[in-house]
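Data block below; observations after.
Only the coordinates and a few stated rules stand behind these numbers; no lab work does. Small disclaimer: the values here were computed from a predicted structure and weren't measured. Ideal geometry is used to build each Cβ from the backbone, glycine not excepted, and the neighbour counts take in all protein chains shown.
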Amino acid sequence: MLNKKLVLLFMVFIFLLSANLAFAACSNQTQTDGTVKLCNPLTGKATSEGIPVLLGKIISSILGVVGSLALVMFIYGGVTWMLSSGNQEQVTKGKNILIWATIGIVIIFTSYALVKFVLTTVTGA
């Protein structure tokens with residue numbers, strides 16, 4: 001039962017991630033000097049952004065999903081702590097969830113900053 005849920009969750013995650021990668025088809029453009037500018041199959045645009053930009057978009061999307069999961073963990077930890085009714089085990093569990101969620105948020109923000117820095121350095125934009 002657990003394996004089926006994990007497979008379903010993985011499929012939904014891939015489906016949502018692939019929505020950012022679907023591009024509309026573009027037509028080849030003829031320049032004024034007679035040359036033809038072909039569409040980039042990776043981006044679906046006539047201007048070439050390249051693989052680093054595509055990977056950056058994928059990584060940014062993944063970091064957004066992971067950041068949302070960290071927010072859910074903050075809420076879960078807070079609810080666990082608030083509903084502990086004085087039970088010391090539940091209080092400790094809630095505190096640990098909040099501590100690890102905070103560490104996760106710091107890692108997510110740091111990795112996002114590094115990805116943003118590398119992409120601006122590589123693309124020059």
- Can you give the convex hull volume of the alpha carbon atoms of the range 51-125 per residue, in Å³? 60
- Exposure proxy ranking, count of Cβ atoms within 10 Å, fewest first, for 75, 97: 75, 97
- Message: On a 30 Å Cα-Cα criterion, which of the cross-link pairs 95/116; 5/116; 4/93; 5/93 come out too long?
- Response: 95/116; 5/116
- Note down the nm distance, to one decimal, between modelled labels 7 Å out along Cα→Cβ at residue 12 and at residue 63. 2.5
- Counting other C-beta atoms within 10 Å, which of 73, 11 has the fewest, and how do the rest follow? 11, 73
